[in-house]
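Colleague: Before I ask anything, here is the structure I am working with.
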Ligand SMILES: Cc1cc2nc3c(=O)[nH]c(=O)nc-3n(C[C@H](O)[C@H](O)[C@H](O)COP(=O)(O)OP(=O)(O)OC[C@H]3O[C@@H](n4cnc5c(N)ncnc54)[C@H](O)[C@@H]3O)c2cc1C
Ligand code: FES
């Protein structure tokens, strides 16, 4: 199995080689609100805040959309990842209707903004939740009842418009698909100018400091702001309770040309983890984006998950030709809802995380919620998703313990089986853990044969990183920190690169 290309269907080599559109921050600057992260959450919040008269500065570690948003598949729908039944169980009928309405408004918001730019290819489409086997028909039927109680227009259908047999389907009306990177570029252009700014290649190098005002520092500059939104998708507050209340997962996607005709709709199945499918764009109706085969970050064998996804495709579509393969990271919350709002015990720091696989709508809703909180406006969804909410804190304790134990067990098993004793045994183009005295090193041998060695201890909270052979990264099994082969931080809660190898 090949490794995964470094970019998704939405990114071209040419785009990655272009000069940044927005210059890096290289001075001290003052803003009403500093936003860390230019994914859908950060840029949507910036657009709302600017529209309400605030000066915002958005700091992005890489290019606009370089994080999970640029690796997503652009499904816009209101179905919650754990299902409407879980939502009703946890929130009751009025709560389920409230949070579903927030996501419906998010789709309407994306439609309103994207209609000004044809490249966004926003298309209203139906969505189908389907079962392939008789055993899962009851899951679809139960979701039908729960969806209607949550206020969603839904009906059971005998025929799911896919070129393979399905035992049952639930059709949701008025969902949509979008081309996600043009949409983000549109948002960035809306934000930049008139006193507000977007800065690419401006990684924040330590958690924000709360005060009056707050400060956010990059290697070459600093922003002083009244409020700070951490829109990095995960926590970025040092070690915080937030890291324990979301669990990191990798999800895989392939773009595949097929000989079948597939309706312009969104599809996902009852499998766990589920598979999700859509047409790539209006211009390429013969190309599908199919995702799934998720595993906990740092705890799976990437190539075999990718192979399983390709096998799924090959068994269901005619003459598939894979044109793109990629993976991105998502964060599962301890209960059915994300964590959005003011950090507990804080007055000016805001966060949005735990979106599962629904972060395009949840990220858009989060931006609305946080901008309302900053402006002191009432927001009916805010209390349900507040990071200070009481019930999920209690519910989270099992989740936290389970995740921590799994991570610990995984690392111990892997160490027993895989850590090498000799640097010479690290294959070219690969990374391996190597034992040295009583320490563990993350050793990467580049294709020319030179070995690059860093400490294998994650600088966030001390877990041992694992080599991901599909993407050529070091991934942390505890809270999802990810690092390049030579140790540079790529994503997740750690603020630092992997440290130099101890002498
Ligand atoms: C494979 C896959 C497919 C998905 N498909 C869908 C879908 O079809 N529909 C849907 O609703 N959801 C989908 N999701 C989930 C959704 O993509 C995410 O929840 C959402 O994009 C998160 O957006 P965000 O803006 O919060 O985070 P991100 O898009 O990750 O943005 C965070 C940004 O912060 C930047 N950053 C991080 N640290 C720093 C720092 N220290 N300094 C400066 N910048 C920093 C990152 O570079 C990044 O650009 C999918 C997820 C995956 C993994
Ligand atoms: S990401 Fe938390 S210990 Fe690595």
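All of the numbers you see were taken from the coordinates with simple rules; none came from a lab. What you see is a predicted model; the values in this text were computed from it and never measured. Here Cβ is always computed from backbone atoms with ideal geometry, including for glycine, and neighbour counts include all displayed protein chains.
Colleague: Please compute the length gained on full extension between residue 108 and residue 215, using 0.36 nm multiplied by the number of residues separating them and subtracting their Cα-Cα distance.
Modeller: Details: separation 107, 0.36 × 107 = 38.52 nm, distance 3.40 nm.
Taking 0.36 nm per residue and subtracting the Cα distance, the gain is 35.1 nm.
Colleague: While we're here: Measure out, as a whole number of angstrom, how far apart the alpha-carbon centroids of segment 113-149 and segment 342-392 sit.
Modeller: Segment 113-149 and segment 342-392 have Cα centres separated by 25 Å.
Colleague: Taking a ≥ b ≥ c as the square roots of the eigenvalues of the Cα gyration tensor of segment 83-150, is the shape rounded (a/c under 1.5), prolate (a/b larger than b/c) or oblate? Write out the running numbers ahead of the final one.
Modeller: On the way: a/c = 4.29, a/b = 1.54, b/c = 2.79.
Note, shape of segment 83-150 comes out oblate.
Colleague: Along the three principal axes, how long is the chain when you take its alpha carbons, biggest first, rounded to the nearest angstrom?
Modeller: For the chain, the Cα spread along each principal axis is 65, 52, 47 Å.
Colleague: If I take the Cα coordinates of segment 139-216 and project them onto the principal axes, what are the three extents in Å, biggest first?
Modeller: 57, 29, 24
Colleague: By count of other Cβ within 10 Å, fewest leading, how are 192, 79 ordered? Walk me through the numbers before you get to the answer.
Modeller: Details: 192 18, 79 25.
Ascending Cβ contact count within 10 Å gives the list 192, 79.
Colleague: Hey, what did segment 6-111 get for relative contact order, percent, Cα under 8 Å, at least 6 apart?
Modeller: Relative contact order of segment 6-111: 23 percent.
Colleague: Listing 214, 476 from the residue with the fewest other Cβ atoms within 10 Å to the one with the most, what is the order?
Modeller: Working: 214 20, 476 30.
Lowest to highest Cβ neighbour count: 214, 476.
Colleague: Give me 226, 269, 26 sorted ascending by neighbouring Cβ count inside 10 Å, so fewest comes first. Don't skip to the end; give the middle numbers.
Modeller: Numbers: 226 17, 269 25, 26 12.
Going from least to most buried by this count: 26, 226, 269.
Colleague: Also: What value, in deg cm²/dmol to 500, does the helix sum -39500 (n - 2.57) over DSSP H runs of n ≥ 4 give at 222 nm once divided by the residues of the chain? It would help to have the intermediate numbers written out before the result.
Modeller: Details: 10 runs with 143 residues, N = 503.
That calculation yields -9000 deg cm²/dmol at 222 nm.
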